[in-house]
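The values are calculated or read from the model by the stated rules, or taken from the named source; none is laboratory data. This is a predicted model, so every value here is computed, not measured. Cβ: placed from backbone, ideal geometry, glycine included. Neighbour counts: every protein chain shown. Heads up: the accessible areas ignore ligands, DNA and RNA and are worked out on the full protein's heavy atoms, side chains in. Shrake-Rupley method; radii C 1.70, N 1.55, O 1.52, S 1.80 Å.
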Amino acid sequence: MVAMQPAERLNSLCNANWHLPKTRQALDKILQNPKESDFWEADHIKPVSEGGGDCGLENFRTLCVPCHKNETEKLLKRLKLKAASSPEYTADGSKLRKERDIRLFLKQTSSDMSGNLSKRRKFDS
């Protein structure tokens, strides 16, 4: 296998609708000294936010950077729709924690304690 020359690499990237870097230095770096992470990223087939975090390697795939960006945008749209239609999710798509207001707990505890005190007074009499 023969590596592409920088001009061939640039032509291939343009044909693939690649969003080229904005600075000349960044473009030269990709063309002259490319790294895998410049072109490919790991992606979860079943997203972590949808339960795919504990899966094995079968849940991974490699995508080109533009495709991975598209998949991430689709996921974010799905999560926002889910959040809008479900009260158990926040606007950013993360699960809402079920929290109780501590003031309610303290109110219950104090009323329970006052009830116990009145019972004790009856027994003391």
Revision key, fill the gap. Of the residues in the range 39-60, those that are over 14 Å from the mean Cα position of the chain (by Cα), open to solvent by 80 Å² or more (accessible area, probe 1.4 Å) and within 30 Å of residue 20 (Cβ to Cβ) number 2
**Study point:** Which listed residue is open to solvent by less than 100 Å² (accessible area, probe 1.4 Å) and at pLDDT below 75, from 99, 71, 88
**Key:** 88
Revision key, fill the gap. Note on the range 25-47: residues at pLDDT 90 or above and part of a helix (DSSP H, G or I) are 25
Review point. Do we find a residue being closer than 30 Å to residue 81 by Cα and surrounded by 15 or more Cβ atoms within 10 Å (Cβ to Cβ) anywhere in the range 10-27?
Key: yes
Review point. Which pairs do you get when a residue that is of a type outside the set (Asp, Glu), found in the range 62-75, comes within reach of a residue that is open to solvent by less than 30 Å² (accessible area, probe 1.4 Å), reach meaning Cβ atoms under 8 angstrom, with the pair 6+ apart or on two chains?
Key: 62/43; 63/43; 68/43; 75/47
Check your understanding: Based on what the data block shows, is residue 77 part of a helix (DSSP H, G or I), open to solvent by 90 Å² or more (accessible area, probe 1.4 Å) and either closer than 30 Å to residue 17 by Cβ or modelled with pLDDT of 60 or more (or both)?
Key -> yes
